[in-house]
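Step one of this worksheet: look at the structure below.
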Amino acid sequence: MVEPQELTNVTFDEIQVGVTKEATVTLTQHQIDVAAIVSGDVDALYLKGAGTGDTRLEPKKTEAAGAEAMISILLGARMPGPGTKIVHRDLRFSGDFAAGDKLTARVTAREKRTEGNLVVFDCSVVSQAGKELVAGTVTVQAPTSRLVYDVIKPPHLELRFGDSFAQLIRGCQDCEPIPCAVVHPCDRDSLAGAIEAARRGFIVPVLVGPEEKIRKAAEEAQIDLASYRIVSTEHSHASAAKSVELARTGEVEALMKGSLHTDEIMGAIVPTAAGLRTSRRISHAFVMDVSTYPKMFMITDAAVNIFPDLEVKRDIIQNAIDLGRALGIEKPKVGILSAVEVVNPKIPSTLEAAALCKMADRGQITGGILDGPLAFDNAISAQAAKIKGISSPVSGDVDILLAPDLEAANMLFKQLTYLAGGEGAGIVLGTKIPIVLTSRADSVRTRLASVAVMAQVAHARRSGKFETR
């Protein structure tokens, strides 16, 4: 079915008494939540079953807001349509409804009054079971002339516990910008992301790559490069090598991936001769912003270490703890994930989780609170842990999730991104300087959040609060 591109109205003279318009919608939880916020009824007493997954709207202000919205949309968009002014409502509400219910709103022209071009509509909202949830009348002033509008798609609305990325970005506003080599920014998105970070004062970019390609990307993005340094190279491999050299000599304090493959930039960083290695294993962490979780947290390692052993996992955890502390988390809580929450000799990740916790007890991992093995539900939900009889300082308040291997971490990250609407700012750890690995699919907000993480790590390194040995 092709959606209409224009909205038009039915004028007062064209409206016939007895004509009916209707629309059917299947409720989503987001629509219910928005109705609750609009009405002001966010009290759990009005959201029956709040927090249990069985949320139903009671017949109070919340229901009124949702039902009136359905009726108002019919009157404002269908009949009479654009130019309609609602002058009086007389609606009665009964029953309740829940996410997944199919509701039908209906308006029927009952009476026309020439004086004032008024039309009285009988209005109702009925459930899929035929129960009348809303009934009454609405009086409108109908338009007298034809109006046509382009259809405007409503904005995407998302309810969030908080906005971790916005907090990260705000945290860099008063910081001194960090000299950063942007490696091979030869497409519009990678160049624009770096320049936007520079405009906000997060970084002083050094653009490393073929100058002709960089200037072509700038022209496409309508970016003026007059105030930015360009270090010209022949190709992407040379861009990575030159950026590492700038970092090794201290000309820059961070690296940001542009439009080259991750393997190319990491291939220039990993060799000991590059001078960017520390005593620890290099690892990667995603700083996550997921709307259904009340705070920022990390997933590690989803990009570098494929099947880490116990020693490597020790470094991955320590890198992530140091990152958390650089971001202002005093004592990060680490949930070590497995399929189950008990030690099982047949599941190696449970044995390693137990060993890592004991290593923390003996001071081999410092600065955080560890618990594991934990299944994902027990790590992320205190209620789930309580039901299973798990007493944990980490459950429901986790700051870092350590996955058993790269496959599990990568799948977890993508599930949270594509099913839960999460976003991840990626950064490489275990090196002498922070390294941002952006993706072509990253939004501007995600790119800025990644740079904000990098900048805060660089400032922590300057102050001696971040491990670089």
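The values are calculated or read from the model by the stated rules, or taken from the named source; none is laboratory data. None of these values were measured; they are calculated from a predicted model. No Cβ is skipped: glycine too gets one built from the backbone with ideal geometry, and neighbour counts run over all protein chains shown.
Given the criteria under 22 Å from the mean Cα position of the chain (by Cα), crowded, with 20+ Cβ neighbours inside 10 Å, outside any helix (DSSP H, G or I) and not aromatic (Phe, Trp, Tyr), does residue 397 qualify? For residue 397, the condition - under 22 Å from the mean Cα position of the chain (by Cα), crowded, with 20+ Cβ neighbours inside 10 Å, outside any helix (DSSP H, G or I) and not aromatic (Phe, Trp, Tyr) - is not met. Just to be sure, is residue 329 β-branched (Val, Ile, Thr) and either surrounded by 22 or more Cβ atoms within 10 Å (Cβ to Cβ) or under 20 Å from residue 416 (Cα atoms) (or both)? Answer is no for this residue. Looking across region 96-122 at every residue that is modelled with pLDDT under 85 and buried (at least 16 other Cβ atoms within 10 Å of the Cβ), the one that is farthest from residue 134 (Cα to Cα) is identified as 99. For region 274-304, how many residues meet the condition of being touching a residue at least 60 places away in the same chain (Cβ under 8 Å) and farther than 20 Å from residue 415 by Cβ? Adding up the residues that qualify gives 9. Looking at region 127-183, the strands (runs of 3 or more DSSP E) lying wholly inside it that each contain 1 or more residues that are in the same structural domain as residue 106 (by TED's automatic domain parsing) and either in contact with a Gly (Cβ under 6 Å, 6 or more places away or on another chain) or modelled with pLDDT of 80 or more (or both) sit at 132-141. Applying the set (1) in contact (Cβ under 8 Å) with a residue 12 or more places away in the chain; (2) closer than 25 Å to residue 459 by Cα; (3) acidic (Asp, Glu) to residue 245 leaves exactly one unmet item: (1). Scanning region 446-468 for any residue that is surrounded by fewer than 22 Cβ atoms within 10 Å (Cβ to Cβ), part of a loop (DSSP other than H, G, I, E, B) and modelled with pLDDT of 90 or more turns up nothing. For region 187-219, residues that are surrounded by fewer than 24 Cβ atoms within 10 Å (Cβ to Cβ) and in contact with a strand residue (DSSP E or B) (Cβ under 6 Å, 6 or more places away or on another chain) total 4.
Among the residues in region 223-230, are any surrounded by fewer than 18 Cβ atoms within 10 Å (Cβ to Cβ), modelled with pLDDT under 90 and not aliphatic (A, V, I, L, M)? Within region 223-230, none of the residues are surrounded by fewer than 18 Cβ atoms within 10 Å (Cβ to Cβ), modelled with pLDDT under 90 and not aliphatic (A, V, I, L, M). Step by step: first the residues of region 314-334, then only those that are among the charged types (D, E, K, R) and assigned to a helix (DSSP H, G or I), then the one that is farthest from residue 393 (Cα to Cα). Which residue is that? Here the answer is 315. One residue alone among 382, 285, 302, 355 is surrounded by fewer than 21 Cβ atoms within 10 Å (Cβ to Cβ) and within 28 Å of the chain's Cα centre (by Cα), and that residue is 382.
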